[in-house]
Every structure is written in C-alpha cells, then in structure tokens.
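The values are calculated or read from the model by the stated rules, or taken from the named source; none is laboratory data. Please read these numbers as outputs of a predicted model, since none were measured by experiment. As a convention, Cβ positions derive from the backbone with ideal geometry for all residues, glycine included, and neighbour counts pool all protein chains shown. To get the accessible areas, we keep the full protein, side chains included, count just its heavy atoms, and leave off ligands, DNA and RNA. Shrake-Rupley method; radii C 1.70, N 1.55, O 1.52, S 1.80 Å.
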Amino acid sequence: MREPNNIMNLSLSKLVFSFLIVLTLFPLTSVVSQTPDSDKVVYLKGVLVEQESDKPLPFATIAIHTPKDSSVVQSALSTDNGSFLLSVPPGRYYGVIHYIGFDDKIVSDLVVSAQRDTLDLGSIEMKSDAISLQQVEVRAEESQMEFKLDRRVFNVGKDLTNTGNSAADILDNVPSVTVYPEGNVSLRGSQSVRILVDGQPSGLLSAGETEALIRMQGSIIESVEVITNPSARYEAEGEAGIINIILKKDREKGVNGSFGVTLGHPANYGASYNLNYRKKDLNFFSNFGIDYRRSPGGGTSTRQFFEDGMVTSLYTTETEQSRGGLGGFIQLGTDWNINAQNILTASLLYRAGKDNNDATIIYRDYSADEVLVSETVRDVMEGEDEHNLEASINYKKTYDNPDHEWNTVVKYILDDDTELADYYQETQRQILPLIQKSSNTEDETNFLIQSDYIYPFGENSKLEAGVRAAIRTVNNEFNVQEQEDGEFVTLPEFDDQLQYNENIYAAYFIGAHEIGDFSLQLGLRGELSDITAALLKSDVSNDQNYFNLFPNANLMFFFDNDMDLTLSYSTEF
C-alpha cells in the first residue's frame, strides 16, 4: 500500500495558523446558518409593494428562518416587478423582508404543508422608514445577469444572498446549472461540462471538481460565466458547455478586502478572506479559505426482474453514508504595473484536503414472492489526502483602444491525490467475512502556455486570434488486496498502473461584427492531439495522433424590450 505523498511542507495546520494571524488584525463578517435540503420542497411566492403607492419593490431581500434557532433556510431577491420565488422543505417558518429605506417586514407563522406544491403569500406591503436621509450616494452597478454574444454573465458579487455560500451553492442558483448533493455539476441536464477559473484550468479544481466546489468560499467569487456553445477561443473539450468562475481581485490603492465566516448544520464551518494592498506600481493580493464539512446522506433503491410479465426476483439496496473533512487553500500574488499599458502578474496557489468518507451498504435479495433470500452488509471506510500546487505568470498589454489587447499566460499545476479504503463485508450463511483494502494514487502535472490577441476596428467589429499548448501527464496506481488466512493477497485483476500523456496544440481565429440589432461571430479552431495511454503491468498501450477543425458561429438579435434571441452552431471535422 502506498502512503499519501506531500508535495510541499506546508500543511493544513499552517493554513490555520496563517489565517489566525490575519484574524487578529481584521474583523470578521458575514455569518450564515444553513440547513440541509429535503427531498420534498414547496415553492413560496409573492409580490412586494410600497404601502403608500402600491409600487413594486425590486431587489428586496427575502429570508426564510426556522423558529427553533432562527437559522436561514432559503433566501432570494425580488425581481424588477417586486415578485419573488423560493423553495423550502415542509415545516413551520417565519420570513424577514429587508429593503433599504423601509421598515423590516416580519411574516410570522408560515406553515408549509407537504400536501401542496406552492404557497402564495399574495401582495405584501412594506412601510417607508420615517427617518429621512440627509445625503444619498447613488452608485451605478452592473445588473446581476448580462447577456453577451457567446455567454451569460452572472455578477455574483452583487447578490447579497450568496454571502456565506460555497461555490457549489452559488452555481446551483445559476439558471440551467444544477449541482447535485455530492457536488457533481450539470449544465442543461448534462454532466459533460468543463469548469474553469479565470478562463483557465486551476489548482482550485484540478484535484476533483466535486469536493473543490463544495469547499471554495463564495466570498472570493466575482462572477460566473455560462457558455453553452463555446466559441473557437476555448478547448473543444466539454460537450454541454463551459462554466467559468471569475475570482475577485481589487486594484484600488491602499489596503482593501473582505473577511467571511460560515457556520452551518450539519457540520459546516469555514472562514475566508481576500486582501489587496496597492502602492504605486505594485499590487499585492491574497486569497485564503479553510473549512470543515461533514455531509450525511443515503438512499434506497429497488430493482425487479420480469419474465413473461411476471416478477422472477428482486433486490434492494440501502445506503447510509457520511462524507467530508478538513480542507483549505491559500493564494499569494502580485501585479506589476510596468506602465499604463503593460501589466505583469505572478501568483502561487497551494491547496490541501483530508477527507474521511464512510458508508454502510445493505444488499437484500428476494424471491419472486418477496421472501428474503440473502442479506449482505458492506462497510466502506475511505481516507483521502490531496495536495495541489499552482504557479502562474500572466502578461497583459493594452493599447490606446482599451478593447485592443494582447494577453499571455504560463501556468504549471501539480496534483497529488491518494485514496486508501478498507472494506468489511458480511453475508448470511457465510462463515467468514470478506475483508479487503484498496489504494488509488493519482499524480498529475499540467503545463499550459496560451497567448491571445484582440484587435478592434471601427466601433462594431473586432478580430481575435490565439495559440495554445497544453501538456498533461497522469500516473495512476490502483491496487486491491483481500485477506486470506490472516494475510492480505493482491488481486491480479485489480492491480495495475496507468500512464497517460496528453499533448494538445491549438490555434484559433474569430471575427465579430455588429449590424444594427444583429451581432454575428464566426470562429475556427484547429487542434493537434498527441495522446498515449499505457497499462504498465498489463503491458497494454494505445497511441493516438490526430488533427481536428472546429468551426463555430453565434448570431444574436436584440429586441426593443431588453430581450434577445441567440442562435449558435458548432461542429467538428
């Protein structure tokens, strides 16, 4: 069995220590309680209006609390017409509605019955606050959702309901995106989706999107881009589309940043910060997050077998599990403003996690007349250690026209992930239990270099071109052992080592033009792939070398009433 590898001396305890040092210098904000989801949900809807004029109140905050501990079950913002819609499990609650310049509205004794699908709260009137303001400062901010030619942009930082949430929680609130309880992400119903951070692969996600999204603090996210039909700018990988997470990074002078703490039930404790310090031509930034989570779960399933319309046998599966552990990350970086048109950015990211995942699975086999034939109980105890290191350098040059730019990035990512598991299985009428253990170690390195150039001409047209080289190496060792006569013996069919090498070289060209209410974008991407996969112990290998072209087109029509229609097409040959 292989023990977990440490790719750096920096451990989780040092992450905690570094955060405590910062904690003594800055206040903490943003405490949010959470409650687990229920299988059955009921939708609450209503409309918020001003008591004096009956005008709708947009962007008010509606929060639903439990009477027992006042924890927040669900929250949302009202729309432009004052309406709101949110979902909660059946039970008793009370609501608190907050709107700047108005008295808070308390909706008490909300009884949500499981017998109904929707509870309509009707029109809710809010009374204007009697205290007059001596001075009002109005700041223009982008809307929460923007439609662009090839993507939709959700400005997460503008939504206060995301305070204290994880990246998984935030993505689950994005239309067309679904995050399942175990962390898997789907876009428009398909899990074949690629997730990027700041437009590139990231060490924050490279060890596995499932746990990484659950652990990433929402306070460091600025916006989320949903690209359902990626243009030639992006890799061809990802059939359903791309989700691009944009992180916060402020370049204002002086010291600025934010801190957050999350407390939730079941066990969900976390803390984070993002800080910036700018003096003259240098900007230093840092992001940090640490959390501890334990997520219970389980389920049952039944499968029946038929012959000539009659049940011949059936079996059921009952699962109870608990997943999670301690994890965290820290990122340090600097921006050097060489001059007004040239910026050089360097950053270093380290992430680590230690999880313990336990599960008990009960298998029951029945005869055709539903008489129990046999029962098997299987206990799984899995420990997982992961370490990720990412170093990147980015150079950006702008010209007299701010839309005219040249951007180059070089990135190196190193991952180490080790899973060790013990299995204990008992079956009726079987004298000795089945005892097994397994190890699964995956080491991965990624090297990326990409350069993009954008040239606008006129007011409504632009050309874009770029090149990219991505070098990926994966070494995966898997081994299963079974106890025989008090000693563990390796099972040959579950003992091998995979070596995977993937080299992809790409170039693309995009042209875009606006004609009145129409926007058109045409692109072409070429990719040369050199891939080798080999099972070393089985002495089996597979080499592939091929070239593909990926044309892409996007057409958008803008209506007068702030609506748009987008058509897109892409193919491969």
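The single residue among Val156, Val174 that is closer than 16 Å to Ala76 by Cβ, modelled with pLDDT under 80, in contact with an Asp or Glu (Cβ under 8 Å, 6 or more places away or on another chain) and not small (Gly, Ala, Ser) turns out to be Val156.
Scanning the stretch 314-361 for residues that are under 15 Å from Ser295 (Cα atoms) and among the small types (Gly, Ala, Ser) yields a total of 5. Against the test of being out of contact with any Gly (no Cβ under 7 Å at 6 or more places or on another chain), surrounded by fewer than 16 Cβ atoms within 10 Å (Cβ to Cβ) and farther than 30 Å from Glu386 by Cβ, the options Asn460, Asn542 yield a single qualifying residue, Asn460.
Can Ala533 be described as modelled with pLDDT of 90 or more, surrounded by 15 or more Cβ atoms within 10 Å (Cβ to Cβ) and within 30 Å of Gln436 (Cβ to Cβ)? Yes, satisfied.
Within the stretch 316-352, restricting attention to residues that are among the hydroxyl-bearing types (Ser, Thr, Tyr) and more than 24 Å from the chain's Cα centre (by Cα), the residue that is surrounded by the most Cβ atoms within 10 Å (Cβ to Cβ) is Thr345.
So that you can scan it fast, the table gives a plain yes or no per residue for (1) at pLDDT 80 or above; (2) assigned to a strand (DSSP E or B); (3) within 28 Å of the chain's Cα centre (by Cα); (4) over 30 Å from Asn337 (Cβ atoms):
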position	(1), (2), (3), (4)
Ile245	yes, yes, yes, no
Leu263	yes, yes, yes, yes
Ala271	yes, yes, yes, yes
Asn287	yes, yes, yes, no
Phe305	yes, yes, no, yes
Leu314	yes, yes, no, yes
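Count of the stretch 48-58 residues, restricted to those that are buried (at least 17 other Cβ atoms within 10 Å of the Cβ) and part of a loop (DSSP other than H, G, I, E, B), is 1.
Within the stretch 440-450, not a single residue is farther than 30 Å from Asn503 by Cα, of a type outside the set (Phe, Trp, Tyr) and open to solvent by less than 40 Å² (accessible area, probe 1.4 Å). Every condition in (1) surrounded by 14 or more Cβ atoms within 10 Å (Cβ to Cβ); (2) closer than 30 Å to Thr302 by Cα holds for Val409 except the one numbered (2).
The rows are residues; the columns are (1) open to solvent by 40 Å² or more (accessible area, probe 1.4 Å); (2) among the aliphatic types (A, V, I, L, M); (3) within 22 Å of Glu419 (Cα to Cα); (4) in contact with a Cys (Cβ under 9 Å, 6 or more places away or on another chain).
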| site | (1), (2), (3), (4) |
| --- | --- |
| Ala470 | no, yes, no, no |
| Asn475 | no, no, yes, no |
| Glu482 | yes, no, yes, no |
| Ile504 | no, yes, no, no |
| Ser519 | no, no, no, no |
| Leu528 | yes, yes, no, no |
| Leu567 | yes, yes, no, no |
| Ser570 | yes, no, no, no |
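Would you call Tyr277 open to solvent by 50 Å² or more (accessible area, probe 1.4 Å), in contact with a Gly (Cβ under 8 Å, 6 or more places away or on another chain), assigned to a strand (DSSP E or B) and touching a residue at least 12 places away in the same chain (Cβ under 8 Å)? The answer is yes for Tyr277.
This table checks each residue for (1) in contact with a His (Cβ under 9 Å, 6 or more places away or on another chain); (2) open to solvent by 10 Å² or more (accessible area, probe 1.4 Å); (3) at pLDDT below 70; (4) not in a helix (DSSP H, G or I).
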| position | (1), (2), (3), (4) |
| --- | --- |
| Ile170 | no, no, no, no |
| Gly183 | no, no, yes, yes |
| Ser186 | no, no, no, yes |
| Arg194 | no, yes, no, yes |
| Val226 | no, no, no, yes |
| Tyr234 | no, yes, no, yes |
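Restricting attention to the stretch 353-397 and to residues that are of a type in the set (Gly, Ala, Ser) and either open to solvent by 60 Å² or more (accessible area, probe 1.4 Å) or touching an Asp or Glu at 6+ places or on another chain (Cβ under 9 Å) (or both), the residue that is nearest to Pro296 (Cα to Cα) turns out to be Ala359. Of Leu349, Leu432, Leu344, Leu389, all but one fail to be outside any strand (DSSP E or B) and either on the phi < 0 side of the Ramachandran plot or among the hydrophobic types (A, V, I, L, M, F, W, C) (or both); the exception is Leu432. Taking the stretch 67-98 as the range and being surrounded by 17 or more Cβ atoms within 10 Å (Cβ to Cβ) and part of a loop (DSSP other than H, G, I, E, B) as the test, the residues that pass are Ser78, Gly82, Pro89. Listed by first and then second residue, the pairs linking a residue in the stretch 397-426 that is under 30 Å from Glu477 (Cα atoms) and touching a residue at least 40 places away in the same chain (Cβ under 8 Å) to a residue that is assigned to a loop (DSSP other than H, G, I, E, B) and among the aliphatic types (A, V, I, L, M), with Cβ atoms under 7 Å apart and 6 or more places separating them unless they lie on different chains, are Leu414/Ile7; Asp415/Ala207; Asp416/Ile7; Asp417/Ala207; Leu420/Met1.
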